[in-house]
Amino acid sequence: MDSLLLRTAARIIVPVQLLWSVYLLVRGHNEPGGGFIGGLLAAGAIILHGIANGMPAARQLLRVRPQTLIGLGIAAAGLSGVIPMLAGLPYLTGVWGFGFPTLVAGTLKFGSPLLFDVAVYLVVTGVGTLLIFAAAEDGEEG
Amino acid sequence: MKSALIFPILIPVLTAAACLLSGPNRTVQRAISMTGAALLFLAGIWLLREVHTAGIIVVQLGNWPAPFGITLVADYLAAVMVAVSGFVGFAVAIFALADVDAGRERFGFHPLYHVLLMGVCGAFLTGDLFNLFVWIEVMLMASFVLLALGGERAQIEGAVKYLTLNFIASGLFLTAIGIIYGATGTLNIADLAVRLRDESTAVPLAAAMLLLGAFGIKAGLFPLFFWLPASYHTPPVAVSAVFAGLLTKVGVYALIRVFTLIFTGMPEITHPLLIWLSVLTMITGVLGAAAQYEIRRVLSFHIISQIGYMTLGLGFFTVAAIGASVFYIIHHIIVKTNLFLIAGAIRYARGTNELKQLGGLYRDYPWLGVLFLIPALSLGGVPPLSGFFAKLALITAGLSLAQWVAVTVALAVGLLTLFSMTKIWAEAFWKAEPADAPPHPKKAVPVLMLIPICTMATVTVLIGIFPSVLLDFSNAAAAQIMNPQLYIDAVLRPTP
Amino acid sequence: METLLAFVIGGLYATSFYLMLRRSIVKLVLGLMIFSQAVNLLIFTTARLTRGNTPIIPEGAAAPLEPFADPLPQALILTAIVIAFGVLAFSLALMRRAHAGLGTDDLDKLQEGEQ
């Protein structure tokens with residue numbers, strides 16, 4: 001699709017939406033949000049870029065293959081559960097490390113649940129983009 | 001060590017992730033995949049040892065106490081299922097190196113294979129009904145893609161049926177979960193056992209029937225089994241072998257779990273029903289096989305008839321009968337996977353699995369004939385192979401309950417199974433090669449195919465020579481299953 | 001409200017099974033979609049419809065303010081929706097391939113291809 005309006009709008013929307021997805025990701029443990037919805041937003045942003053500028057451009061924006069994102073996410077999810085096991089707690093127990101204050105969103109605390117949320121974010125972004133890339137490129141061939 | 005319980009799930013997750021991350025390099029992916037499969041096998045053995053020394057192992061995920069959090073439980077049954085799955089997963093992974101083509105590997109065969117194994121192990125280990133649903137879905141998602149991967153026309157058509165029926169089964173399962181949660185407010189299997197064990201009212205009965213339908217479809221029970229022979233012969237042999245060995249057993253395992261722990265309040269309704277369904281499953285499966293002339297289709301129909309034996313033990317509902325079921329499941333996973341692998345070797349050698357186009361294999365590959373006869377005769381129940389003792393234990397249990405019809409059918413079906421196996425033997429190995437056979441160069445079967453086939457044949461023979469080891473074990477597993485208080489206490493007892 | 005939803009759920013189940021029994025691939029997919037929605041609505045309804053507070057424990061209290069809605073069924077439904085979404089996305093791709101291969105959307109043609 002070639003539309004000047006869409007391309008101009010996408011140039012503004014895509015970065016904002018990506019930033020917003022990260023915001024939703026980090027606030028997700030205590031407030032509505034989280035890795036899943038954040039990942040969907042991120043995938044949506046990349047797909048919007050793809051619709052405006054063509055899927056090759058979207059692939060370039062993503063830089064890595066969607067499969068790599070999925071792999072990283074699955075590995076991070078698996079490992080986030082292992083961290084508490086090092087402390088003798090059952091698999092997937094939430095352990096929290098240090099927190100530091102941020103200017104806009106209160107205190108950001110690091111811990112294994114955050115890692116798990118990041119993992120979900122990566123997997124959802126990867127799967128979302130993979131699905132749309134596959135569907136879009138399949139459609140172009142046939 | 002409680003962490004033994006985590007590794008059968010964790011190892012496949014990390015292996016799948018590593019395969020995805022390794023990029024398109026085939027050799028690296030294969031190395032990772034093999035390492036992961038080997039580690040999973042070892043983890044299964046370790047878990048079995050831990051359960052043997054420490055009794056039922058329970059992990060409350062996230063340290064949330066049962067029944068609020070998700071619980072993982074390993075008793076004898078779960079542990080042995082994981083160990084056998086690890087064994088079969090490893091063996092088929094070796095076979096796949098020689099069987100799965102480069103295109104499928106590039107499209108993610110290895111990560112999907114490990115996701116499938118993760119789903120299977122997770123389903124065996126979970127102690128929560130909804131979590132069981134999730135693991136089964138993980139397994140099914142991977143199996144859908146593995147089934148359709150490659151996109152040959154027959155594969156797509158098989159996958160449509162497979163997906164539709166399994167989707168409906170999942171929906172029934174979820175419906176049952178909704179009803180159970182509405183009635184009891186819990187989904188932890190041990191907690192449900194406490195609340196519903198002695199109930200004989202309509203609500204648990206409705207839930208039990210829905211679950212029977214759901215797991216019955218997944219296990220391939222009469223009358224909703226037809227998706228299985230329609231799809232299992234279409235993908236690459238390595239895929240159909242692991243499907244044949246493991247996927248239907250998840251359904252059987254789930255049936256054993258819910259009908260020994262939760263729905264035991266109405267034995268006059270549920271267990272005769274299970275017996276009759278099993279009898280009909282055995283008969284239709286074996287008769288269906290008699291009409292087929294494609295090796296993998298014959299074997300697919302035999303999966304169905306053999307599933308009948310396993311659920312028959314559950315229907316008898318005595319320690320000896322359930323012990324026989326457990327024995328049967330272990331024996332059948334190994335034997336059936338091996339038969340599919342041999343079908344794969346035949347396909348490799350001759351380019352077809354159609355009995356009408358095959359022949360003369362015994363002349364060209366005599367040792368393959370011997371390797372085929374071991375699992376084939378074991379499946380038919382010829383002494384002294386593993387299948388004989390499995391059937392013997394089941395039939396003894398049936399006789400002591402005076403279940404004459406079921407026992408007669410079980411014996412007759414055993415005979416017909418033997419007939420089917422001799423049909424494959426006579427058509428593929430013994431008769432002269434037909435003139436219209438497709439041309440094929442004479443080539444040796446790769447060693448990577450022979451290793452798993454020989455190993456599994458050896459295990460079949462070993463079980464036959466030392467049946468008492470496995471028999472004692474499966475009876476111990478059955479004793480544990482039939483004493484649900486052990487399971488309930490292990491899960492609900494607050495952790496020190 | 002429960003009674004009304006019970007009829008709605010029954011209607012959805014009936015619709016989905018009717019659609020699945022038709023011969024068209026498109027109707028099969030639609031049937032599967034409606035089926036998964038019916039199941040989700042059933043879980044939602046059987047877990048009691050409560051109008052109340054959010055099930056979040058306020059600062060300093062030991063339990064949420066009564067009456068509060070049970071959050072678990074919603075988590076279950078969310079999981080089920082995601083899974084159904086994945087399966088349906090895959091089934092759409094699959095059905096599209098099947099349709100492309102068959103050149104018709106008649107499911108009975110699948111039988112012929114099997115032999």
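The values are calculated or read from the model by the stated rules, or taken from the named source; none is laboratory data. All figures in this text were calculated on a predicted structure; none of them were measured in a lab. Using ideal geometry, Cβ is built from the backbone for each residue, glycine included, and neighbour counts are taken over all protein chains shown. These area figures cover heavy atoms from the full protein model, side chains too; ligands, DNA and RNA do not enter into them. Shrake-Rupley method; radii C 1.70, N 1.55, O 1.52, S 1.80 Å.
When the range A:1-35 is examined, which residues are found to be part of a loop (DSSP other than H, G, I, E, B), within 22 Å of A:P113 (Cβ to Cβ) and open to solvent by 60 Å² or more (accessible area, probe 1.4 Å)?
A:H29, A:N30, A:E31, A:P32
Give just the number: which of (1) surrounded by fewer than 24 Cβ atoms within 10 Å (Cβ to Cβ); (2) in contact (Cβ under 8 Å) with a residue 24 or more places away in the chain does B:L116 not satisfy?
Result: B:L116 fails condition (1) only.
Mind checking whether some residue in the range C:51-67 is in a helix (DSSP H, G or I), within 13 Å of another protein chain (Cβ to nearest Cβ) and open to solvent by 40 Å² or more (accessible area, probe 1.4 Å)?
Our first condition is that a residue be in a helix (DSSP H, G or I); within the range C:51-67, this holds for none.
No.
Please enumerate the residues belonging to the range A:68-86 that are open to solvent by 40 Å² or more (accessible area, probe 1.4 Å) and more than 8 Å from chain B (Cβ to nearest Cβ). Walk me through how you get there before you give the answer.
The initial filter retains those residues of the range A:68-86 that are open to solvent by 40 Å² or more (accessible area, probe 1.4 Å), namely A:72, A:74, A:79, A:83, A:85-86.
A:I83, A:L86, listed by residue number.
I need every pair where a residue in the range A:20-43 that is farther than 22 Å from C:P71 by Cα has its Cβ under 6 Å from the Cβ of a residue that is among the aliphatic types (A, V, I, L, M) and assigned to a loop (DSSP other than H, G, I, E, B), sequence separation at least 6 or different chains.
none
Among the residues of the range C:16-50, what is the count of those that are open to solvent by less than 70 Å² (accessible area, probe 1.4 Å) and farther than 21 Å from C:T104 by Cβ?
Counting residues in the range C:16-50 that are open to solvent by less than 70 Å² (accessible area, probe 1.4 Å) and farther than 21 Å from C:T104 by Cβ gives 16.
Could you check the range B:132-163 and list, in sequence order, the residues that are more than 18 Å from the chain's Cα centre (by Cα), assigned to a helix (DSSP H, G or I) and either away from chain C (no Cβ under 12 Å) or charged (D, E, K, R) (or both)?
Scanning the range B:132-163 gives B:R153, B:E157, B:K161.
Report, by residue number, each residue of the range B:358-376 that is within 22 Å of the chain's Cα centre (by Cα) and closer than 15 Å to B:V298 by Cα.
Listed by number, the residues that qualify are B:F372, B:P375, B:A376.
Hey, any hits in the range B:178-193 for a residue that's away from every other protein chain (no Cβ under 11 Å), open to solvent by 10 Å² or more (accessible area, probe 1.4 Å) and more than 23 Å from the chain's Cα centre (by Cα)? Reasoning before the result, please.
Looking only at the range B:178-193, we keep the residues that are away from every other protein chain (no Cβ under 11 Å), and these are B:188-193.
Imposing the further condition that a residue be open to solvent by 10 Å² or more (accessible area, probe 1.4 Å) reduces the set to B:191.
Now narrow it down to the ones that are more than 23 Å from the chain's Cα centre (by Cα): B:191.
Yes, the range B:178-193 has at least one match.
Only one residue in B:A219, B:A176, B:A202 is of a type in the set (A, V, I, L, M), at pLDDT 90 or above and within 23 Å of C:N40 (Cα to Cα). Which one? Can you show your working first?
Numbers: B:A219 fails: within 23 Å of C:N40 (Cα to Cα); B:A202 fails: at pLDDT 90 or above.
Just a single option satisfies the conditions, and that option is B:A176.
Please enumerate the residues belonging to the range B:358-393 that are closer than 13 Å to B:V335 by Cα, at pLDDT 90 or above and either open to solvent by 50 Å² or more (accessible area, probe 1.4 Å) or assigned to a loop (DSSP other than H, G, I, E, B) (or both).
The answer is B:L373, B:L377, B:F388.
Among the listed residues B:F243, B:F226, identify the single one that is under 18 Å from the mean Cα position of the chain (by Cα) and more than 11 Å from every other protein chain (Cβ to nearest Cβ).
Details: B:F226 fails: more than 11 Å from every other protein chain (Cβ to nearest Cβ).
That would be B:F243, the only listed residue that is under 18 Å from the mean Cα position of the chain (by Cα) and more than 11 Å from every other protein chain (Cβ to nearest Cβ).
Taking A:R65 as the residue in question, decide whether it is farther than 28 Å from B:T71 by Cβ, open to solvent by 80 Å² or more (accessible area, probe 1.4 Å), out of contact with any Pro (no Cβ under 6 Å at 6 or more places or on another chain) and touching a residue at least 24 places away in the same chain (Cβ under 8 Å). Lay out the reasoning, then the answer.
Values: farther than 28 Å from B:T71 by Cβ: yes; open to solvent by 80 Å² or more (accessible area, probe 1.4 Å): yes; out of contact with any Pro (no Cβ under 6 Å at 6 or more places or on another chain): yes; touching a residue at least 24 places away in the same chain (Cβ under 8 Å): no.
Against the criterion (farther than 28 Å from B:T71 by Cβ, open to solvent by 80 Å² or more (accessible area, probe 1.4 Å), out of contact with any Pro (no Cβ under 6 Å at 6 or more places or on another chain) and touching a residue at least 24 places away in the same chain (Cβ under 8 Å)), A:R65 does not qualify.
B:V59: within 9 Å of another protein chain (Cβ to nearest Cβ), surrounded by 21 or more Cβ atoms within 10 Å (Cβ to Cβ) and in contact with a Pro (Cβ under 7 Å, 6 or more places away or on another chain), yes or no?
On the way: within 9 Å of another protein chain (Cβ to nearest Cβ): yes; surrounded by 21 or more Cβ atoms within 10 Å (Cβ to Cβ): yes; in contact with a Pro (Cβ under 7 Å, 6 or more places away or on another chain): yes.
Answer is yes for this residue.
Here is a list of conditions, (1) closer than 30 Å to B:K356 by Cβ; (2) open to solvent by 10 Å² or more (accessible area, probe 1.4 Å), and B:G245 meets all of them except one; can you say which number that is?
Going through (1) closer than 30 Å to B:K356 by Cβ; (2) open to solvent by 10 Å² or more (accessible area, probe 1.4 Å) one by one, B:G245 breaks only (2).
Taking the criterion of being surrounded by 14 or more Cβ atoms within 10 Å (Cβ to Cβ), of a type in the set (A, V, I, L, M), under 21 Å from B:T186 (Cα atoms) and at the interface with chain B (Cβ under 9 Å from one of its Cβ atoms), would at least one residue in the range C:85-106 satisfy it?
The answer is no; no qualifying residue exists.
I'm trying to understand the selection: among the residues of the range B:465-496, which are open to solvent by less than 50 Å² (accessible area, probe 1.4 Å), more than 20 Å from the chain's Cα centre (by Cα) and under 30 Å from B:A96 (Cβ atoms)?
The answer is none; no residue qualifies.
Please go through the range B:394-409 and pick out each residue that is over 17 Å from B:W276 (Cβ atoms) and open to solvent by 50 Å² or more (accessible area, probe 1.4 Å).
Within the range B:394-409, B:T396, B:L399, B:S400 meet the criteria.
One line per residue, one yes/no per condition, for (1) closer than 26 Å to C:L72 by Cβ; (2) more than 9 Å from chain B (Cβ to nearest Cβ):
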| position | (1), (2) |
| --- | --- |
| C:T3 | yes, yes |
| C:I9 | yes, yes |
| C:L12 | yes, yes |
| C:T15 | no, yes |
| C:L19 | no, yes |
| C:R23 | no, yes |
| C:L30 | no, yes |
| C:M33 | yes, yes |
| C:L42 | yes, no |
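Determine which member of the set B:A444, B:A426, B:A412 is outside any helix (DSSP H, G or I) and open to solvent by 40 Å² or more (accessible area, probe 1.4 Å).
Numbers: B:A426 fails: outside any helix (DSSP H, G or I); B:A412 fails: outside any helix (DSSP H, G or I).
Unique residue meeting the criteria: B:A444.
If B:L21 meets every condition in (1) within 14 Å of chain A (Cβ to nearest Cβ); (2) within 28 Å of B:L448 (Cα to Cα); (3) surrounded by 22 or more Cβ atoms within 10 Å (Cβ to Cβ) apart from one, which number is that one?
B:L21 satisfies every listed condition except (3).
Which residues, counting only those in the range B:103-139, are of a type in the set (G, A, S) and either at pLDDT 90 or above or within 23 Å of B:V58 (Cα to Cα) (or both)? Give the steps one after another, and end with the answer.
Pass one, the range B:103-139, residues of a type in the set (G, A, S): B:103, B:108, B:119, B:122-123, B:127.
Those that are of a type in the set (G, A, S) and either at pLDDT 90 or above or within 23 Å of B:V58 (Cα to Cα) (or both): B:G119, B:G122, B:A123, B:G127.
Return the pair list, or none, for Cβ contacts closer than 6 Å from residues in the range B:36-51 that are aromatic (F, W, Y) to residues that are assigned to a helix (DSSP H, G or I), at least 6 apart or on different chains.
B:F41/B:G86; B:F41/B:F87; B:F41/B:F90; B:W46/B:A4
Given the structure, is C:L72 in contact (Cβ under 8 Å) with a residue 12 or more places away in the chain, open to solvent by 80 Å² or more (accessible area, probe 1.4 Å) and more than 30 Å from B:G158 (Cα to Cα)?
On the way: in contact (Cβ under 8 Å) with a residue 12 or more places away in the chain: yes; open to solvent by 80 Å² or more (accessible area, probe 1.4 Å): no; more than 30 Å from B:G158 (Cα to Cα): yes.
No, not satisfied.
Restricting the range B:308-357 to residues that are polar (S, T, N, Q) and open to solvent by 10 Å² or more (accessible area, probe 1.4 Å), which is farthest from the chain's Cα centre (by Cα)?
B:Q357
Among residues belonging to the range B:121-131 that are more than 22 Å from C:S91 (Cβ to Cβ) and under 17 Å from the mean Cα position of the chain (by Cα), point out the one that is farthest from the other protein chains (Cβ to nearest Cβ). If you could, list the steps in order and put the result at the bottom.
We begin by selecting, within the range B:121-131, every residue more than 22 Å from C:S91 (Cβ to Cβ); these are B:121-122, B:124-131.
Restricting the remaining residues to those that are under 17 Å from the mean Cα position of the chain (by Cα) gives B:121-122, B:124-126.
Working: B:C121: 13, B:G122: 12, B:F124: 16, B:L125: 11, B:T126: 13 Å.
Filtering first and then ranking leaves B:F124.
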